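Here the structure is laid out as structure tokens; the discussion comes afterwards.
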Amino acid sequence: MDYAIQQTLNALSFGAEYALIALGLAIVFSIMGLVNFAHGEVVAFGGYSMVIVSTLLTNSPWILMAGVLIACVVASVALERVAFRTVRGADLTTGLLTAFGVSIILQNLFLLLGSPRPMAATQFIFLDKTLTFGSVRVSSLQIYETLATFVAIGILMTFLRKTTLGMAMRAASLDFEMVRLCGIRANRVIAGAFAISGLLAGLACIFIMARRGSVQPHMGFDPVLVAFVACVIGGFGSLPGAVLGGFLLGIAEVVVLVLLPQSAGGMAQAAVFTMVALVLIWRPDGILSPAREKGDKI
Amino acid sequence: MLQTSSLKAFHGPIEAVHGIDISVAEGQCVTLLGPNGAGKTSTLSAITGTVRATGTIRLGGEDISRLPVEDRCRRGIAISPEGRRVFANLSVRDNLIMGGALQPDKAQLNREIEDWFTHFPVLGERHAQPAGTLSGGEQQMLAIARALLSKPRILLLDEPSLGLAPMIVAKIFEIVRDLKARGTTILLVEQNASAAIRVSDYVYVLNNGLISSHGAAANFGDGSDLMGELTGVHV
């Protein structure tokens with residue numbers, strides 16, 4: 001019983017991390033058709049901001065958390081302004097290559113200005129304690145991570161449904177030009193999407209840092225690849241799809257780890273991706289892919 | 001109110017409109033008639049700024065031809081576009097909120113939305129429904145209401161009768177006539193010549209990207225010969 005609870009929590013917390021990052025990718029993609037592979041570097045930048053703030057200013061974890069969130073939002077919005085605004089409206093591949101380019105440049109900046117080796121930033125480790133409920137022992141970090149993700153999704157949903165900017169974002173995912181024809185500024189909608197994407201990256205960064213306790217240049221790239229797969233499973237451009245894909249991947253990973261015998265541990269990734277392939281044979285556009293317009297211009 | 005001079009519109013390298021001068025006076029309803037591919041929609045897109053264009057466009061004397069799309073809307077140009085383009089994933093009410101997004105007073109905007117719901121009760125009944133579930137005629141009403149909520153100085157209507165059943169077409173033209181009676185300045189694009197001529201003050205006939213004739217609506221009679229002349233199909 002306690003084993004099952006522990007593994008469920010594992011699956012939820014893995015899924016939560018993937019879902020947070022996948023949502024960040026999906027919200028930008030849904031509005032401007034850009035697969036932002038530099039999203040992982042925003043996460044890494046959040047980690048470096050901890051090192052900077054803690055050496056210059058304070059070690060208070062609460063201030064550091066606020067710093068990470070602010071750093072990620074600023075980095076994300078700045079990337080849009082500097083790199084992605086110039087290729088707006090260009091081909092899908094142009095945006096994709098730009099994002100890869102930005103990602104490589106940032107990783108190398110981290111290498112040059114920071115260090116190729118992991119730099120310690122252990123201020124969030126205190127989030128990870130072992131809690132004992134009777135016979136069940138669980139990690140507090142996993143509970144925080146799952147809860148924070150659900151709260152973030154709830155706030156995001158309310159924002160998208162109730163505020164004018166949120167509605168404009170949903171409308172823009174369908175017909176950006178029509179949103180501009182209503183007088184709503186394209187720059188504001190896109191900057192808003194990048195700000196939200198950055199905020200979600202910051203939240204993910206806090207939990208990643210609490211687990212790792214160190215920051216290194218490439219730390220954001222792998223989670224973004226996994227999140228990308230989550231988006232593909234859920235249906236690229238669909239926000240509920242990104243959340244669903246993230247949690248499905250988390251669950252699949254844990255199920256595979258539990259079921260596979262120790263000796264076949266190396267096959268875990270292969271097993272997960274086989275499942276992904278099967279899902280894509282069943283639903284080639286992803287599980288919750290938005291319906292395609294099939295009619296004529298009526 | 002609105003004047004264009006030697007307005008050219010481009011789709012990529014292709015010139016779709018070859019320099020036209022049109023003028024819409026305040027309170028008038030002016031119609032652009034023409035067959036498919038004549039450049040009617042391209043002309044409207046040039047006015048709203050969604051395609052590349054040269055020449056000048058003046059709104060109330062101000063040259064707006066260099067302004068981005070959003071600012072032209074803020075100066076007072078609103079469009080109910082071809083194919084209606086309602087936000088299918090948003091509710092009917094949220095579509096209208098998008099139309100009035102520039103209005104700073106949200107309570108006032110809510111009152112105006114309620115006014116539209118009494119005006120078009122069918123929209124009021126479905127205010128919480130996704131706009132994609134509305135019928136073509138209902139979507140057209142929604143698109144017109146959305147455009148008017150930005151309090152435009154001129155309303156561009158692109159083929160409001162396209163793809164609708166004859167009874168609904170009659171209803172849509174009734175709405176246009178009603179808008180005109182309330183003093184709305186309208187630039188209408190249509191293929192339904194006779195119905196359009198009946199509601200307009202002035203008519204431009206567009207063919208192959210050029211104005212082939214223009215004049216007061218009365219000069220065009222009931223318009224029945226006009227479409228035959230334009231398309232070569234006489235019925």
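Bear in mind these aren't lab numbers, they're just calculated from the coordinates by the rules spelled out. Values in this document were obtained by computation on a predicted structure and should not be read as measured data. FYI the Cβ positions are ideal-geometry reconstructions off the backbone, even for glycines, and counts take in every protein chain you see.
A few points about this structure:
- Test: residue in the stretch B:139-150 that is touching a His at 6+ places or on another chain (Cβ under 9 Å) and of a type in the set (Val, Ile, Thr): no
- The single residue among B:175, B:168, B:154 that is more than 14 Å from chain A (Cβ to nearest Cβ), farther than 23 Å from residue A:188 by Cβ and either surrounded by fewer than 21 Cβ atoms within 10 Å (Cβ to Cβ) or of a type in the set (Val, Ile, Thr) (or both) turns out to be B:175.
- Only one of the numbered conditions (1) within 14 Å of another protein chain (Cβ to nearest Cβ); (2) in contact (Cβ under 8 Å) with a residue 12 or more places away in the chain; (3) within 24 Å of the chain's Cα centre (by Cα) is not met by residue A:139, and that is (1).
- Residue in the stretch A:232-273 that is nearest to the chain's Cα centre (by Cα), counting only those that are of a type in the set (Val, Ile, Thr) and surrounded by 15 or more Cβ atoms within 10 Å (Cβ to Cβ): A:243
- Leading residue by the ranking (surrounded by the most Cβ atoms within 10 Å (Cβ to Cβ)) among those in the stretch B:183-208 that are under 15 Å from the mean Cα position of the chain (by Cα) and polar (S, T, N, Q): B:200
- Some residue of the stretch B:212-220 being touching a strand residue (DSSP E or B) at 6+ places or on another chain (Cβ under 8 Å), touching a residue at least 12 places away in the same chain (Cβ under 8 Å) and part of a loop (DSSP other than H, G, I, E, B): no
- Subset of the stretch A:154-185 that is among the small types (Gly, Ala, Ser) and touching a residue at least 12 places away in the same chain (Cβ under 8 Å) - its residue that is farthest from the other protein chains (Cβ to nearest Cβ): A:172
- Annotation note: of A:202, A:192, the sole residue that is within 18 Å of the chain's Cα centre (by Cα) and away from chain B (no Cβ under 14 Å) is A:202.
- Those strands (runs of 3 or more DSSP E) of the stretch B:1-52 in which at least 3 residues are among the aliphatic types (A, V, I, L, M) and over 14 Å from residue B:77 (Cα atoms), considering only elements entirely within it, cover B:14-24, B:29-33.
- Annotation: of all residues in the stretch B:41-58 being more than 14 Å from chain A (Cβ to nearest Cβ) and buried (at least 16 other Cβ atoms within 10 Å of the Cβ), the one that is farthest from residue B:15 (Cα to Cα) is B:57.
- Where residue B:183 falls short, out of the listed (1) touching a residue at least 40 places away in the same chain (Cβ under 8 Å); (2) in contact with a helix residue (DSSP H, G or I) (Cβ under 8 Å, 6 or more places away or on another chain): (2)
- Considering the stretch B:134-151, the residues that are free of Cβ contacts under 8 Å to residues at least 40 places away in the same chain and more than 12 Å from chain A (Cβ to nearest Cβ) include one that is nearest to the chain's Cα centre (by Cα), namely B:141.
- Pick from the stretch A:1-51, criterion of a type in the set (Val, Ile, Thr), assigned to a helix (DSSP H, G or I) and over 30 Å from residue A:259 (Cα atoms), ranking: farthest from the chain's Cα centre (by Cα): A:51
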